[in-house]
1. Condition first: part of a helix (DSSP H, G or I), of a type in the set (A, V, I, L, M), near the ligand (Cβ under 8 Å from one of its atoms) and at pLDDT 95 or above. Can you find one or more residues in the range 35-52 that meet it?
2. Enumerate the pairs (first residue in the range 1-17 and in contact (Cβ under 8 Å) with a residue 12 or more places away in the chain; second residue anywhere and of a type in the set (S, T, Y) and outside any loop (DSSP other than H, G, I, E, B)) with beta-carbon separation below 7 Å, excluding pairs fewer than 6 apart on the same chain, so at least 6 apart or on different chains.
3. Select from the range 1-34 the residues that are in a strand (DSSP E or B) and either on the phi > 0 side of the Ramachandran plot or out of contact with any Lys or Arg (no Cβ under 7 Å at 6 or more places or on another chain) (or both) and list them in ascending order.
4. With the structure loaded, tell me whether N106 is modelled with pLDDT of 90 or more, closer than 21 Å to V21 by Cβ and more than 19 Å from the chain's Cα centre (by Cα) or whether it fails that test.
5. Taking only pairs six or more apart or across chains, which ones have beta-carbon atoms under 7 Å, a first residue in the range 107-120 that is surrounded by 15 or more Cβ atoms within 10 Å (Cβ to Cβ), and a second residue that is of a type in the set (V, I, T) and modelled with pLDDT under 95?
6. Among the numbered criteria (1) more than 15 Å from the chain's Cα centre (by Cα); (2) in contact (Cβ under 8 Å) with a residue 24 or more places away in the chain, which single criterion is violated by G63?
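The values are calculated or read from the model by the stated rules, or taken from the named source; none is laboratory data. In this text, all values refer to a predicted model and were calculated from it rather than measured experimentally. So basically every Cβ, Gly included, is an ideal-geometry build from the backbone, and we count neighbours across all protein chains shown.
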Amino acid sequence: MKLLELAHNWLKPVITRSDIVVDATMGNGYDTLFLAKLSDNVYAFDIQEKAITATKQRLKEAGLEANVTLIKECHSNVAMHILASNKSAGCDKAPTRASIKAAIFNLGYLPGSDKTIITKPTTTVQALEQICDMIDTGLGGRISIMVYPSHKGGECERDSVLGFVNTLCPTNWNKQIHNSPTTTQNAPILVLLEKQ
Ligand SMILES: C[S@@+](CC[C@H](N)C(=O)[O-])C[C@H]1O[C@@H](n2cnc3c(N)ncnc32)[C@H](O)[C@@H]1O
């Protein structure tokens, strides 16, 4: 099974329609569309206008635009955005702390675009910290992180992601690391996390 398929299969069983879910790296919108089919509360982030345009079009074609908030900003602002929109929606359940059920990161650069615009270790880890803090406990909130170490800067990002994952307490977190079936050096890896 391909790693991206594995990532989707990991997230899908825990997502219900009212759950808040996050695509931290919208890109061409494939993962956003996947989440929008499962939830009415998708928040998708990217720093490039191109990604917003491609994703908007993909969602429009599927008739699922209403399920997604597209945010042209760094994913390190994820907590601020979700808390703000939860408050403005009058959510009285937990006004200062919204719960995220699932999040997907597909790191690196936008395929078919400028390969120098890449996710960066510091902001990736900041986004992960915020999402891990907001992920549902008890109900088994899940995160999937596809890491591509082969481009310039990718190895450093892989090390930062794995370093961060290492800091998560094993009592509270189920962690899996899957290697790509290809044996090439710096092949992609998939990190799957579940809050217990
Ligand atoms: C591999 S692509 C994502 C693919 C996407 N999930 C899809 O389904 O097509 C990585 C994306 O991360 C975006 N990105 C880079 N830095 C970012 C940041 N700090 N915050 C959010 N997105 C970022 C890039 O612009 C690029 O579109």
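1. The answer is yes, given that some residue of the range 35-52 is part of a helix (DSSP H, G or I), of a type in the set (A, V, I, L, M), near the ligand (Cβ under 8 Å from one of its atoms) and at pLDDT 95 or above.
2. The qualifying pairs are A7/S144; W10/S144; L11/S144.
3. Passing the criteria: V22, D23.
4. In short, no.
5. none
6. It is condition (2) that G63 fails.
To keep it simple, each residue is scored yes or no on (1) in contact with a strand residue (DSSP E or B) (Cβ under 7 Å, 6 or more places away or on another chain); (2) within 11 Å of the ligand (Cβ to nearest atom); (3) of a type in the set (A, V, I, L, M, F, W, C); (4) closer than 21 Å to L190 by Cβ.
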{"position": "K12", "(1), (2), (3), (4)": "no, no, no, yes"}
{"position": "R17", "(1), (2), (3), (4)": "no, no, no, no"}
{"position": "A54", "(1), (2), (3), (4)": "no, yes, yes, no"}
{"position": "S76", "(1), (2), (3), (4)": "no, yes, no, no"}
{"position": "N86", "(1), (2), (3), (4)": "no, no, no, no"}
{"position": "I117", "(1), (2), (3), (4)": "yes, yes, yes, no"}
{"position": "K120", "(1), (2), (3), (4)": "no, yes, no, yes"}
{"position": "T123", "(1), (2), (3), (4)": "no, yes, no, yes"}
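Condition check ((1) exposed (fewer than 14 other Cβ atoms within 10 Å of the Cβ); (2) among the acidic types (D, E); (3) over 27 Å from L6 (Cβ atoms); (4) out of contact with any Asp or Glu (no Cβ under 6 Å at 6 or more places or on another chain)) across all residues:
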| site | (1), (2), (3), (4) |
| --- | --- |
| L33 | no, no, no, yes |
| K37 | yes, no, no, yes |
| A44 | no, no, no, no |
| A54 | no, no, no, yes |
| R58 | no, no, no, yes |
| L64 | no, no, no, yes |
| N67 | no, no, no, no |
| I100 | no, no, no, yes |
| D136 | no, yes, no, yes |
